[in-house]
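The values are calculated or read from the model by the stated rules, or taken from the named source; none is laboratory data. The model shown is predicted, which means the values in this text are computed figures rather than measured ones. Cβ sites come from the backbone with ideal geometry, for glycine too, and all protein chains shown count toward neighbours. Accessible surface is based on the protein model in full, side chains and every heavy atom, while ligands, DNA and RNA are left aside. Shrake-Rupley method; radii C 1.70, N 1.55, O 1.52, S 1.80 Å.
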Amino acid sequence: MANKYLVLYTFPRSDADLPRLGLSVGRKVGGAVDRNRVKRLLREAFGERQANAWAGYDVVVVARPLSRDLAASEGLQGIQTAVAELLAKAGLRLAGTLP
């Protein structure tokens, strides 16, 4: 699943342990400061309190260059919205967010 900010890959797991999150934020997103900000916001959007909503899956998120602009203009709320949209497309969702 993808939108103009992120690409989301989900992989089912055979065990029901807590999910794992993989992040890929390349140089096209920006310098180190911009990449680290996007990674921090993505980790926060997928926080531990949300993990039960997508237990049994591993999730890999690839940030596209426009994710830097989204993080700068809308911050965590913008990243959460983009992530929630992709998880809904995948049949998963973050707890406490709109579908």
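Worth pointing out:
- The chain - Debye-derived log10 I(q)/I(0), Cα point model, q = 0.17, 0.18, 0.19 Å⁻¹: -0.68, -0.76, -0.85
- Comparing Ala63, Ala32, Ala84 in a Gaussian network model of the chain, where Cα atoms under 10 Å apart are tied by springs, the biggest mean-square fluctuation is seen for Ala32.
- Near the amide H of Leu23, within less than 5 Å, lie the amide hydrogens of Val61, all on another chain or at least 5 residues away, with H placed in the peptide plane.
- Under 19 Å from the Cα of Lys4 - aspartates and glutamates, other chains or at least 8 residues apart: Asp34, Asp69, Glu74, Glu85
- Whole-Hz Karplus values for segment 77-91 come out as 4, x, 5, 4, 5, 5, 5, 4, 4, 6, 5, 5, 4, 7, x Hz, taken residue by residue from phi with 6.51 cos²θ - 1.76 cosθ + 1.60 and θ = phi - 60°; glycine and proline positions read x.
- Solvent-accessible area per residue, Å², over the chain with all protein chains present [probe radius 1.4 Å]: 58 Å²
- Taken about its Cα centre, the chain carries a charge dipole of about 340 debye when Lys and Arg each add +1 at the Cβ and Asp and Glu each add -1 at the Cβ.
- Just the protein heavy atoms count here, and of the accessible area of segment 1-81 at 1.4 Å, carbon and sulfur take up 50 percent.
- List Phe46, Phe11, ordered by accessible area with a 1.4 Å probe, largest first: Phe11, Phe46
- Helix-derived mean residue ellipticity, 222 nm - over the chain, DSSP H n ≥ 4, -39500 (n - 2.57), to 500: -13000 deg cm²/dmol
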